[in-house]
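A short worksheet on the structure shown next.
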Amino acid sequence: MIDHEQAQELLTLRAFGEMDESEANRLALHLGSCADCRRFDQEFAQGIGRLAKLEDPPRADATPPPSVRRVGVHPAPAWRRRLAPLAACAASFAAGICVTLAIHSGSESTPTPPPPPSQRVEGTFARESPPPLATTLGVLTVMARSVPR
Amino acid sequence: MNASERMPPEAALSAHGPMVLRVCTAILGDRERGADAAQDTWLRYLRFKDDNSIDNLGGWLRRVAVACAIDLLRREPPTAQPLEAGESRPAQGPDQGQVLVARELADFVRAQLPRLPESQRIVFRLKTEAELSLAEIAEDLGLALPTVKTHFARACVRLQASLRAFSPEGTHS
């Protein structure tokens with residue numbers, strides 16, 4: 001016959017599926033006559049015993065996806081993990097400098113606003129190839145000659 | 001090592017790496033320290049990988065991982081709380097309420113584990129976090145199965161008593 005302490009230990013083993021047949025027989029004999037241990041069994045099932053009844057997640061040694069496998073098999077060295085916060089600070093500081101420089105250079109070379117539509121038309125004419133000066137002079141000469149005096 | 005077990009180191013890493021990491025993390029209660037112990041395990045593997053006396057590579061690696069993690073645990077006792085709150089494995093249940101209760105329970109257990117004797121704590125973690133059977137744990141720790149059963153059962157009873165004190169109704173739901 002087992003005592004309360006042994007019975008309660010066996011109850012925890014039973015909750016986690018670790019009790020063999022002889023232990024089960026001894027426990028059954030005790031539980032039949034012990035209300036305290038039956039109450040402990042109920043309490044344990046609602047307490048620590050829940051850890052045994054939780055749905056088992058996939059075991060970590062099942063083949064994980066490649067990314068997970070890589071992380072699990074090749075964990076970063078300790079020095080790299082310890083320097084990670086420092087590296088993050090340095091990166092954010094460098095990013096801040098870059099943003100500041102970009103803002104300053106942007107203010108120095110402010111783009112000129114687009115010209116009004118009329119100027120844009122002039123610009124278009126100006127960019128077209130003008131007639132040769134000789135031709136213009138020749139036209140003017142013809143016009144001058146054609147004007148009656 | 002048998003011909004069937006003899007595999008290139010990369011294949012051994014792929015096959016057993018997650019298990020080694022899981023066992024080390026379970027004992028140390030900390031992922032970073034678990035990774036350090038896992039690296040020690042693989043260093044030992046590289047030193048002994050051509051040893052013909054290794055019959056079962058998975059079992060050998062598990063025993064070495066347990067030894068490396070316990071060495072690290074004794075060399076550098078943890079100063080802070082183990083795993084971060086809310087990072088518990090049981091957070092994958094289908095029901096959100098059950099998930100929250102499981103998370104709370106796992107956090108409570110983690111907080112209470114440092115109060116247990118080292119042998120009980122290691123056995124409890126290997127059983128509940130590394131999901132090893134008590135027979136495997138007994139083999140890894142070089143202890144008799146009844147001894148491991150006693151360690152585990154006493155850890156459970158003590159944790160249940162702490163839970164009862166924490167929750168006066170005796171339940172934790």
Q) Is segment B:28-35 home to any residue that is assigned to a helix (DSSP H, G or I), more than 18 Å from residue B:8 (Cβ to Cβ), among the hydrophobic types (A, V, I, L, M, F, W, C) and within 12 Å of the chain's Cα centre (by Cα)? A) yes
Q. Going by the structure shown, is residue A:76 within 28 Å of residue B:104 (Cβ to Cβ) and at pLDDT below 85?
A. no
(Q) Name the residue that is surrounded by the fewest Cβ atoms within 10 Å (Cβ to Cβ), counting only residues in segment A:29-58 that are at pLDDT 90 or above and among the basic types (Lys, Arg). (A) A:39
Q) For segment B:23-58, how many residues are crowded, with 24+ Cβ neighbours inside 10 Å and at the interface with another protein chain (Cβ under 8 Å from one of its Cβ atoms)? A) 1
Q | Scan of segment B:122-149 for residues that are more than 9 Å from chain A (Cβ to nearest Cβ), closer than 23 Å to residue B:107 by Cβ and part of a helix (DSSP H, G or I), ordered by number | A | B:122, B:123, B:124, B:125, B:126
**Q.** Count of segment B:32-67 residues which are charged (D, E, K, R) and in contact with a Gly (Cβ under 9 Å, 6 or more places away or on another chain)
**A.** 1
Q | Output for segment B:25-66, where each listed residue is under 20 Å from residue B:10 (Cα atoms) and hydroxyl-bearing (Ser, Thr, Tyr) | A | B:41, B:45
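The values are calculated or read from the model by the stated rules, or taken from the named source; none is laboratory data. In this text the structure is predicted, and so the values were computed from the model without any measurement. Ideal geometry is used to build each Cβ from the backbone, glycine not excepted, and the neighbour counts take in all protein chains shown.
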